[in-house]
Amino acid sequence: MLCGAEYGIDEVDYVCPRHGNEGILDVIYDYEFIRRHISKAKLAESRDYSIWRYADLLPITNRQFIPPLQVGWTPLYHALRLGAQMGLAHLYIKDDGRNPTASFKDRASAVGIVKARELGKDIITAASTGNAASSLAGLAASVGLTTYIFVPERAPQAKVAQLLVFGANVVMVRGTYDQAFDLCLEASAEYGWYSRNTAYNPYLSEGKKTAAFEICEQLEWNPPDKIFVAVGDGCIIGGLWKGLKDLHALGFISRLPQLIGVQAEGSAVLVKAWQEGTEAITPIVPHTIADSISVGVPRDAIKALRAVRQSGGQFVAVSDEEILEAMRILARSAGVFGEPAGVTGFAGLRKSLEQGRVNPDEHVVVLVTGNGLKDVQSAIQAAGKPHIIEPTMDALREVMTHVS
Ligand SMILES: *Cc1c(COP(=O)(O)O)cnc(C)c1O
């Protein structure tokens, strides 16, 4: 991304040797070759309802290493009721909380697992605010790989529980996600573990791009005008852009959607860089209820900023209050329950509508990136308390006078 150097797939595993950890690589494809193997008609016949229906566009050489869990092909709902409330006739919700470990991260982990197995690695490691880790742990468990996971102390309990249940070796770091990330990179170098760190391992964003393939295929190859997505490190939005460009290069779609990256105000590093028109990042100490995007040093900043700029999109910041509000509205009007980061894209749509940046007739996709049960504490904070009563009709009638 920085110097334009190219390497063969056997030459490097992770980053550009010239630029170290800053030198994130991008996988380049031979579209002429791929076009001979994949077509819209062939896809329409495919009965593989997972990311692997797009295997021709993924950097894997051996299908035998694909883990058995069903990753991807998550539902894209035409949210009629919610859309009507918001004055949008074409609002679509893609619920990636429906993945096997309940977050978008499964798309990347699945590819990471295949790469680790292709290289004959038995141990795989990741640093994570929670979802990348629980995803890696679950997929690794399905094929018998060992995992070492570095999480910050503040990771929500449900995500830590997932890790432990899946049998991961969990190292909880007294510090931030950013510190856990750096420690994980050092550990993987010292012990020779395979690294599933996005914005380091170039293959992971390849998994993430499958969401863009699905959105376009599910909309019968009529891409939406705008896609709203939460941004922390920036890998998801960078991956979506890569996927859209793949489809465009293959001639599957004739125009490209705008990508709207949404960050929490307390970790809006990319929003700030965007506003200032720079690719240089000013690190912060993040603070937001949306733990999955609580990132002070976005590792995929350049890909994310370029995705938004090249697509003619925008960066938007939303407050924690707006995130909690978005969680309630999405759940109550569309029946989709997302964790705070999971609904941040939706919060960004609401804000953009308020600011007049979305036209009522536009086709809008909101990506929900993680399930609400991942962070029960925040959900309860968003939704309030139940009525607690004695088990009598009198007590119930008393409550009913207040609710009706
Ligand atoms: C990781 C994650 C994000 C942000 O993805 P980045 O690639 O870090 O920008 C958003 N939502 C959820 C639920 C996540 O787990």
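Each value in this text was obtained by applying a stated rule to the coordinates, not by laboratory testing. Being a predicted model, the structure only gives us computed values, none of them experimental. Positions of Cβ are generated from backbone atoms using ideal geometry, with glycine treated the same way; all protein chains shown enter the neighbour counts.
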- Cα extents of the stretch 132-290 along the three principal axes, largest first, in whole Å? 46, 40, 29
- Query: Considering every Cα-Cα pair within the stretch 216-331, what fraction, in whole percent, is farther apart than 18 Å?
  - Reply: 50 percent
- Task: Between residue 35 and residue 394, with labels modelled 7 Å along Cα→Cβ, what's the label distance in nm to one decimal, could you check?
- Result: 8.0 nm
- Task: Kindly provide the helix-only [θ] at 222 nm of the chain, computed as the sum of -39,500 (n - 2.57) over DSSP H runs of four or more divided by all residues, to the nearest 500 deg cm²/dmol?
- Result: -11500 deg cm²/dmol
- How far is helix 301-310 tilted off the main Cα axis of the chain, in degrees rounded to 10, range 0 to 90? 80 degrees
- Count neighbours as other Cβ atoms within 10 Å of each site's Cβ, and list the chymotrypsin sites (Phe, Trp or Tyr not before Pro) in the stretch 302-396 that are DSSP loop with at most 15 such neighbours. none
- For the pair residue 359 and residue 377, how long in nm is the line joining their label points, each one 7 Å along Cα→Cβ? 4.5 nm
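Counting pairs of alpha carbon atoms under 8 Å apart in space and at least six apart in sequence, what relative contact order in percent does the chain give? List each step's numbers first, then the result.
Details: 797 pairs, mean separation 68.2, N = 404.
The value is 17 percent.
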- Where in the stretch 137-151 does the amide nitrogen come within less than 20 Å of the point 7 Å from the Cα of residue 122, taken along Cα to Cβ? 137-149
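Listed highest first by mean packing, meaning other Cβ atoms within 10 Å per residue, what order do 217-223, 107-113, 375-381 come in?
Working: 217-223: 15.1, 107-113: 29.9, 375-381: 17.0.
My ranking of the peptides, most packed first, is 107-113, 375-381, 217-223.
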- Message: Please enumerate, by chain and number, the lysines with C-alpha under 17 Å from the C-alpha of residue 226, excluding those fewer than 8 residues away in the same chain.
- Response: 94, 209, 242, 245, 351
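Before anything else, pin down the relative contact order of the stretch 265-404: Cα pairs under 8 Å, at least 6 apart, normalised by residue count, whole percent. Could the numbers behind the result be given before it?
Values: 161 pairs, mean separation 27.1, N = 140.
Relative CO of the stretch 265-404 lands at 19 percent.
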- Task: Measure out, as a whole number of angstrom, how far apart the alpha-carbon centroids of the stretch 193-270 and the stretch 275-329 sit.
- Result: 14 Å
- the stretch 116-173, relative contact order [Cα under 8 Å, separation at least 6], %: 37 percent
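May I ask what percent, to the nearest 5, of DSSP beta bridges between residues of the chain are antiparallel?
Working: 5 of 36 bridges.
The antiparallel proportion sits near 15 percent.
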- Message: Using 10 Å bins from zero, what percent of all Cα-Cα pairs in the chain falls into each bin?
- Response: 5, 24, 34, 25, 9, 3, 1, 0
